[in-house]
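The structure under discussion appears below in the form of structure tokens.
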């Protein structure tokens, strides 16, 4: 059994990291090393995000929702601070995940992982 949280961790959070890493580098001029430090990942992971090796496959859904874009920007803003506050970064990430679930952007992924959700008319994220 794979609850929505597992789908989020495996598929969605890497896509969020891609979007955040790209914004931090392109819009705010941070280096890959700085982005890695702020995201608590390796510089190699950031390099893979930028090359489309990691997290790129599911990124389209992030760009579909204005609410999701706004939540991504809020997360990015916190990460641009010289010393991002960990509790705010985590709060913003959790709010972003909640927004994605409320917008039902994860439903297709969950149904792909657990086809029986279609049959029972899943409403976990509503």
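Would you check if residue 91 is over 19 Å from residue 5 (Cα atoms), surrounded by fewer than 18 Cβ atoms within 10 Å (Cβ to Cβ) and within 15 Å of the chain's Cα centre (by Cα)?
So residue 91 fails the test.
Report, by residue number, each residue of the range 106-126 that is within 21 Å of residue 69 (Cα to Cα) and either within 12 Å of the chain's Cα centre (by Cα) or outside any loop (DSSP other than H, G, I, E, B) (or both).
Within the range 106-126, 106, 107, 108, 109 meet the criteria.
Tell me which residues, restricted to the range 43-62, are closer than 21 Å to residue 30 by Cβ and assigned to a helix (DSSP H, G or I).
43, 44, 45, 46, 47, 48, 49, 50, 51, 59, 62, listed by residue number.
Give the residue, chosen from 79, 75, 30, that is in contact with a helix residue (DSSP H, G or I) (Cβ under 9 Å, 6 or more places away or on another chain) and either surrounded by fewer than 12 Cβ atoms within 10 Å (Cβ to Cβ) or assigned to a loop (DSSP other than H, G, I, E, B) (or both).
Exactly one residue qualifies, and that residue is 30.
Rule-based calculations on the coordinates, nothing more; no lab input. Everything numeric in this text was worked out from a predicted model, so none of it was measured. Because the Cβ atoms are built from the backbone with ideal geometry, glycine has one as well, and the counts that use them run over all protein chains shown.
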